[in-house]
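These notes concern the structure reproduced below.
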Amino acid sequence: MTTKQSVDLILYPRWLAPMSATPAEAKAGAVAFLENHACVIHQGKTLDVLPQDECRQKYSAQFEYNLSKHLLMPGLFNGHAHSAMALLRGFADDYPLMTWLQEHIWPAEGKHVSESFVKTGSELAICEMLASGITCFNDMYFFPGTLGEVLRDAGLKGSISGPILEFPTPWAQNADEYLAKNTDLIQEFNKGGDIQFGYGPHAPYTVSNATFEKIIDQAQANNTWIHTHLHETAFEVQQSMTDFGMRPVARLAKLGLFDVHSQAVHMTQINDEDIENLAGKKCHIIHCPESNLKLASGFSPIQKLYNAGLNINIGTDGAASNNDLDMVSETRTAALLAKAVAEDAEAFPAYQAMYSATRGGALAYGRDKMGSIEAGFEADMIAVNLDDLNTQPVFDPIAQFVYASNNRQISHVWVNGKLVCEHGQVRVIDTDKVRHDVEQWRQKLKG
């Protein structure tokens, strides 16, 4: 009799979507999902994916989950957030971007932002994201080291882009101080672990050429990325034409930013020349459709960007401008909006949308062993219960997830094989304390 191999965890879902095939490969006929397969997890990584009958003969586990009505898929990767701004959810709604920033958000931040603000706001955001199936995210906000500590204490993951601007904020007084503080965090955290740091120059209209050049040099020296808002509004493009005689993408391309591992967030106001400046470079696109819609910033032609060879990841933006951190909803909005923008019902199909929300994020931030369920990859995954009436009957579980499901159907969330959220209940952060602390901040912000 063959002795079974003992492992930490085995999951038995009805459907399993590995996301190991690219959208082009899936379109050409590669297997998009498996039925009645098991996922074997050991020491924080996927060890094996195989038919369930074979798994029962080969492995035994300390913990097993029968997920007979579920889709098992990689955890969602939120490519752009301002986590602590969850405390500003609903603080200033229904304004265009620059009015929203200059007359409401920036004054409130100048008065209230501190390490305590960031800690509470980040905990609130992380709890919401975990319950929504987000297992890793990029963040750009002040006191980024505080967020890093929150993630480290909870055993979670993040790719954090510390902000850089030319003007003072509660975190730093000038561009050189922002840059130095970011470099210190990169050197502290970027040691191959779950939390990694990059540089986050806020936007072309808040960062000078000289500062961008310093950031590019430091990103190359420290082998990390550059994350920036880019072509978010028509005003940004018009201002760049007035101040520099060129569009923002052309300006940053001339500086060499896209020759470095980088992410361009929003990309709503672009033309064919902009796409040509990005094609073949090291830039990834972070698409935030719901925030763009709410702020009336415009539409990103993500199918054209993808067709030009650019990797797409989806992000929520901050809860102050969305107003939630729901990547399930965001992925559906991205898929539907892409079709309308392209005037093509075949644009950005369901598999491509799910890939962009999972593996696309891992690729965007250089997390090569994340975003797919296959042997050797980090065991970050979610189970989605498709037995609810709104997702019945199931012909294609991937299409059902993208077009019909909601985040309440995410029953289990694992990070490195550890169950961190079950049926919406976060297990790694004290949510009662978060609620208490959030109420204290609401009173301060209101007062």
Legend entry - Cross-chain or 6+ apart pairs with Cβ under 7 Å, segment 341-357 first and polar (S, T, N, Q), then not in a helix (DSSP H, G or I): 356/312; 356/313; 356/314
Inset, instruction - Kindly indicate the residue of segment 379-405 that is touching a Ser or Thr at 6+ places or on another chain (Cβ under 7 Å) and among the polar types (S, T, N, Q) and also farthest from residue 134 (Cα to Cα) among those meeting that condition. - result: 391
Legend entry - Residue that is surrounded by the most Cβ atoms within 10 Å (Cβ to Cβ), among those in segment 385-415 that are of a type in the set (Ser, Thr, Tyr) and within 23 Å of the chain's Cα centre (by Cα): 405
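So if I check each of 22, 3, which one is of a type in the set (Val, Ile, Thr), surrounded by fewer than 22 Cβ atoms within 10 Å (Cβ to Cβ), in contact (Cβ under 8 Å) with a residue 12 or more places away in the chain and over 23 Å from residue 409 (Cα atoms)? Reasoning before the result, please.
Details: 3 fails: in contact (Cβ under 8 Å) with a residue 12 or more places away in the chain.
Answer to the selection: 22.
Filter segment 259-273 for residues that are closer than 16 Å to residue 222 by Cα and not small (Gly, Ala, Ser) and give the result. Please lay out each step first, then the result.
Pass one, segment 259-273, residues closer than 16 Å to residue 222 by Cα: 259-262.
Residues satisfying the conditions are 259, 260, 261.
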Inset, instruction - Being of a type in the set (Ser, Thr, Tyr) and closer than 27 Å to residue 284 by Cβ narrows it down to one of 411, 372, so name that one. - result: 372
Inset, instruction - Evaluate segment 111-129: report whether one residue or more is in contact (Cβ under 8 Å) with a residue 60 or more places away in the chain, part of a loop (DSSP other than H, G, I, E, B) and surrounded by 21 or more Cβ atoms within 10 Å (Cβ to Cβ). - result: no
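Residue 222: more than 18 Å from residue 172 (Cα to Cα), more than 20 Å from the chain's Cα centre (by Cα) and surrounded by 15 or more Cβ atoms within 10 Å (Cβ to Cβ), yes or no?
Numbers: more than 18 Å from residue 172 (Cα to Cα): yes; more than 20 Å from the chain's Cα centre (by Cα): yes; surrounded by 15 or more Cβ atoms within 10 Å (Cβ to Cβ): yes.
Spelling it out, residue 222 is indeed more than 18 Å from residue 172 (Cα to Cα), more than 20 Å from the chain's Cα centre (by Cα) and surrounded by 15 or more Cβ atoms within 10 Å (Cβ to Cβ).
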Inset, instruction - Kindly provide the set of residues from segment 30-89 that are in contact with a helix residue (DSSP H, G or I) (Cβ under 7 Å, 6 or more places away or on another chain) and of a type in the set (Val, Ile, Thr), ordered by number. - result: 40
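Restricting attention to segment 8-24, does a residue exist that is basic (Lys, Arg), assigned by TED's automatic domain parsing to the domain that holds residue 402 and assigned to a helix (DSSP H, G or I)? Steps first, please.
Of segment 8-24, the ones basic (Lys, Arg) are 14.
The next check asks that each one be assigned by TED's automatic domain parsing to the domain that holds residue 402; those that pass are 14.
Checking which are assigned to a helix (DSSP H, G or I) leaves us with none.
Among the residues of segment 8-24, not one is basic (Lys, Arg), assigned by TED's automatic domain parsing to the domain that holds residue 402 and assigned to a helix (DSSP H, G or I), which makes the answer no.
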Legend entry - Checklist (1) hydrophobic (A, V, I, L, M, F, W, C); (2) surrounded by fewer than 20 Cβ atoms within 10 Å (Cβ to Cβ); (3) touching a strand residue (DSSP E or B) at 6+ places or on another chain (Cβ under 6 Å) applied to residue 327, failing item: (2)
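Quick one: in segment 58-103, which of the residues that are part of a strand (DSSP E or B) and small (Gly, Ala, Ser) is surrounded by the most Cβ atoms within 10 Å (Cβ to Cβ)?
To start, the set of residues in segment 58-103 that are part of a strand (DSSP E or B) comprises 59-74, 76-81.
So of that shortlist, the ones also small (Gly, Ala, Ser) come out as 60-61, 68, 79, 81.
Numbers: 60: 13, 61: 19, 68: 10, 79: 31, 81: 29.
Here the answer is 79.
In segment 41-57, is there at least one residue being part of a loop (DSSP other than H, G, I, E, B) and buried (at least 17 other Cβ atoms within 10 Å of the Cβ)? Even if it seems obvious, please write down each step before you answer.
So the first thing to find is which residues in segment 41-57 are part of a loop (DSSP other than H, G, I, E, B), and the list is 43-44.
After this cut, where a residue has to be buried (at least 17 other Cβ atoms within 10 Å of the Cβ) as well, the list is none.
Checking segment 41-57: not a single residue is part of a loop (DSSP other than H, G, I, E, B) and buried (at least 17 other Cβ atoms within 10 Å of the Cβ).
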Inset, instruction - Only one of these is touching a Lys or Arg at 6+ places or on another chain (Cβ under 8 Å) and of a type in the set (S, T, N, Q): 135, 120, 46. Name it. - result: 135
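Among the residues of segment 155-174, how many are over 30 Å from residue 414 (Cβ atoms) and not in a loop (DSSP other than H, G, I, E, B)? Break it down stepwise before answering.
Within segment 155-174, the first condition is being over 30 Å from residue 414 (Cβ atoms), and the residues that meet it are 163-174.
Going one step further and asking which of them are not in a loop (DSSP other than H, G, I, E, B), we end up with 163-164.
Residues meeting the conditions: 2.
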Inset, instruction - Exactly one condition in (1) of a type in the set (S, T, N, Q); (2) in contact with a helix residue (DSSP H, G or I) (Cβ under 9 Å, 6 or more places away or on another chain); (3) closer than 30 Å to residue 415 by Cα is not met by residue 190; state its number. - result: (2)
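From the residues in segment 293-324 that are more than 23 Å from residue 234 (Cα to Cα) and of a type in the set (S, T, N, Q), which one is surrounded by the most Cβ atoms within 10 Å (Cβ to Cβ)?
Here the residue is 311.
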Legend entry - Unmet requirement for residue 378, which otherwise passes all of (1) in the same structural domain as residue 94 (by TED's automatic domain parsing); (2) surrounded by 20 or more Cβ atoms within 10 Å (Cβ to Cβ); (3) farther than 18 Å from residue 401 by Cβ: (1)
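Being modelled with pLDDT of 95 or more, in a loop (DSSP other than H, G, I, E, B) and among the acidic types (Asp, Glu): is that true of residue 274 here?
Details: modelled with pLDDT of 95 or more: yes; in a loop (DSSP other than H, G, I, E, B): no; among the acidic types (Asp, Glu): yes.
When the stated conditions are applied, residue 274 does not pass them.
The values are calculated or read from the model by the stated rules, or taken from the named source; none is laboratory data. Being a predicted model, the structure only gives us computed values, none of them experimental. Glycine also receives a Cβ, built like all others from the backbone with ideal geometry; neighbour counts cover every protein chain displayed.
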